[in-house]
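Working notes for the structure below.
What follows is calculated from the coordinates using simple rules that are stated; it is not laboratory data. These numbers come from a predicted model, not from an experiment. All Cβ positions, even for glycine, are placed from backbone atoms using ideal geometry, and neighbour counts span all protein chains on display.
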Amino acid sequence: MKRLNRLYLIRHGQIEGYENYYVYGHTDVALTRIGLLQMERISERLRLLDLGVIYSSDLQRAETGARLIARNHDIPCHALADLREMYFGDWEGLTLLDIRTRFPQELKKRTQDLVNYRIPGKGETIKEFSDRITSCFENILKENEGKDIALVAHGGVNRIVLCKALGLDLERMFSIHQDYGCLNIIDYFPDSTVLRLVNG
């Protein structure tokens with residue numbers, strides 16, 4: 001059966017402040033030196049592939065990785081706001097400890113309805129986040145049928161794409177781990193999807 005697309009799905013490299021477990025969401029932060037090295041390694045790993053197009057979030061932690069990959073390929077490289085991480089409202093820029101300390105009741109509500117819970121400050125629900133990513137990603141696949149695609153995104157974005165590929169409910173998204181600088185490979189066929197690599 002003819003393959004429609006192969007997706008090289010990458011999480012951005014290590015970010016500034018990673019050791020304190022900040023929730024950054026739409027907050028724009030830079031990669032650390034290690035994060036840059038992680039993206040250099042991914043770039044080298046993909047160097048000899050026949051990529052057709054590269055996409056990323058427009059946040060610098062993802063776009064930087066995409067630009068590094070693009071150095072080895074004379075192909076379009078698109079940075080899209082619709083591929084940003086989930087928007088965390090009032091939790092943006094806080095550490096996980098800050099959130100646990102300041103919003104214990106909100107965290108309890110979140111555990112009771114993970115997919116539909118809205119973070120204070122007009123944060124996205126996971127359902128809204130999923131709808132945004134899925135719509136954008138399906139357009140990318142349609143517009144690039146027959147091409148191998150590299151996508152540099154975020155932990156949450158990758159989990160949404162992987163859940164869809166595996167047919168998992170969104171409640172299971174945090175069962176999928178995504179390390180900084182990891183690579184996933186997914187093949188898309190007309191009536192099936194095959195995962196070749198997860199969190200590699």
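Among the numbered conditions (1) surrounded by 13 or more Cβ atoms within 10 Å (Cβ to Cβ); (2) touching a helix residue (DSSP H, G or I) at 6+ places or on another chain (Cβ under 8 Å); (3) not in a helix (DSSP H, G or I), the only one that Asn116 does not meet is (1).
Scanning for something among the aromatic types (Phe, Trp, Tyr), touching a residue at least 40 places away in the same chain (Cβ under 8 Å) and closer than 19 Å to Asn158 by Cβ, does the stretch 91-103 turn up at least one residue? No; the residues of the stretch 91-103 include none that is among the aromatic types (Phe, Trp, Tyr), touching a residue at least 40 places away in the same chain (Cβ under 8 Å) and closer than 19 Å to Asn158 by Cβ. Please find, within the stretch 173-200, the residue that is farthest from Leu7 (Cα to Cα) out of those that are among the charged types (D, E, K, R) and more than 16 Å from the chain's Cα centre (by Cα). Among those that are among the charged types (D, E, K, R) and more than 16 Å from the chain's Cα centre (by Cα), it is Asp191. Would you check if Lys142 is within 25 Å of Ile10 (Cα to Cα), of a type in the set (Lys, Arg) and touching a Gly at 6+ places or on another chain (Cβ under 6 Å)? In short, no.
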